[in-house]
Amino acid sequence: MTQIEPLTPVLGARVTGVDLAGVRSAEAGAPLRAALVEHKVLVFPDQSLTPTAHRGFAAALGELTPAHPVVPGLDADHPEIYVLDAGDGGKAPVWHTDVTFMARPPLGSVLRAVTLPPTGGDTCWTDLEAAYLFLSEPLRDLADKLTAVHDGRKDFEEYLHERLGGEGNTWEGQRIRSLEPVEHPVVRVHPESGRRSLFVNPGFTTRLLGVSEAESRALLDVFFAAVGRPEFTVRHRWREGDVVVWDNRSTAHYAVDDYGDQRRVMHRITLRGDVPVGV
Ligand SMILES: O=C(O)CCC(=O)C(=O)O
Ligand SMILES: [Fe+2]
């Protein structure tokens, strides 16, 4: 019997009584997809997925993307698996929503712990719907009308040119040779729940359009402060066998970097998403 217990009053649930290696069809994945929209972050303890089984489970939740727009996958057999190795730049200690620097950011991410430090290396997720509702009504009204620029060049342009010679992956049918900034609505309407979220993040959002640079900076500071409020977060202490799935349309996350140069490796698979729609 699958059991779903909320982890905080705001977001996150722990799901037990399910062997993810056996979740291999859209039919089997459907109740988990529904739980994902409701809880936004699902923690599955005590799993034992190989890379191939990880992919099998992710494919039951949705269509898979390549590992990343520019970073190659785990190996030739697993081009969908993005390796986050702390020893090779795979740290993300900043609030961000995955791949919002592309026109169609992933719907969700399926993250598996591969090698963990003895302590530390927790991951936090925050609820962007709660962040939106935290804004005062006049500010929500303003946010509803705004558009933001998201730019992945700070993180990935050098990698693309220095490590890959300018040839990234094929993403949405296009070979990625440069990371042109994209625009998304500041307030995103969730395509399944219809709820609004504050869809900006300090990882990739660089500028609000239609306002002055000073206004953009000040408003983004206010928005980012709402995004990072501890009240809206769940923090996960990883154990071997853990798999966590998050709704990338209504959350941001932060990988706590408190473990120095100890080894930490994670494997991530992303589910193909749609073009964010505003109010
Ligand atoms: O390493 C982690 O815990 C999360 C890293 C991250 O940002 C991701 O997997 O998208
Ligand atoms: Fe991430």
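The values are calculated or read from the model by the stated rules, or taken from the named source; none is laboratory data. Being a predicted model, the structure only gives us computed values, none of them experimental. Counting neighbours? That spans all protein chains shown, and the Cβs are built from the backbone with ideal geometry, glycine included. These area figures cover heavy atoms from the full protein model, side chains too; ligands, DNA and RNA do not enter into them. Shrake-Rupley method; radii C 1.70, N 1.55, O 1.52, S 1.80 Å.
Would you confirm, using the coordinates I've provided, whether LEU198 is open to solvent by less than 50 Å² (accessible area, probe 1.4 Å), touching a Leu at 6+ places or on another chain (Cβ under 6 Å) and within 16 Å of ligand 2 (Cβ to nearest atom)? No; evaluated as a whole, the condition is false for this residue.
One line per residue, one yes/no per condition, for (1) within 30 Å of THR2 (Cβ to Cβ); (2) more than 16 Å from the chain's Cα centre (by Cα); (3) modelled with pLDDT under 95:
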| residue | (1), (2), (3) |
| --- | --- |
| SER25 | yes, yes, no |
| ALA34 | yes, yes, no |
| VAL37 | yes, no, no |
| LEU84 | yes, no, no |
| PRO93 | no, no, no |
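Meeting the requirement of 1 or more residues that are free of Cβ contacts under 8 Å to residues at least 40 places away in the same chain and over 22 Å from the mean Cα position of the chain (by Cα), the helices (runs of 4 or more DSSP H) wholly within the range 124-180 are 137-145.
Here is a yes/no grid of residues against (1) under 19 Å from GLU80 (Cβ atoms); (2) touching a helix residue (DSSP H, G or I) at 6+ places or on another chain (Cβ under 7 Å); (3) among the charged types (D, E, K, R):
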| residue | (1), (2), (3) |
| --- | --- |
| GLY22 | no, no, no |
| GLU27 | no, no, yes |
| ALA35 | no, no, no |
| THR52 | yes, no, no |
| ALA60 | yes, yes, no |
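Scanning the range 224-231 finds no residues that are within 14 Å of ligand 1 (Cβ to nearest atom), within 27 Å of PRO9 (Cβ to Cβ) and modelled with pLDDT of 95 or more. Here is the figure for the range 121-150: residues that are more than 23 Å from VAL41 (Cα to Cα) and open to solvent by 20 Å² or more (accessible area, probe 1.4 Å) total 11. Taken together, the criteria exclude TYR132 from residues that are at pLDDT below 95 and not charged (D, E, K, R). Of all positions in the range 238-259, none carries a residue that is more than 16 Å from ligand 2 (Cβ to nearest atom) and polar (S, T, N, Q). The residue that is least open to solvent (accessible area, probe 1.4 Å), counting only those in the range 76-120 that are in contact with a helix residue (DSSP H, G or I) (Cβ under 9 Å, 6 or more places away or on another chain) and away from ligand 1 (no atom under 12 Å from the Cβ), is PHE101. The set of residues in the range 201-218 that are open to solvent by 30 Å² or more (accessible area, probe 1.4 Å) and either part of a loop (DSSP other than H, G, I, E, B) or among the polar types (S, T, N, Q) (or both) comprises PRO202, THR206, LEU209, GLY210, VAL211, SER212. Only a single criterion out of (1) open to solvent by 20 Å² or more (accessible area, probe 1.4 Å); (2) within 13 Å of ligand 1 (Cβ to nearest atom) is not satisfied by ASP242, namely (1).
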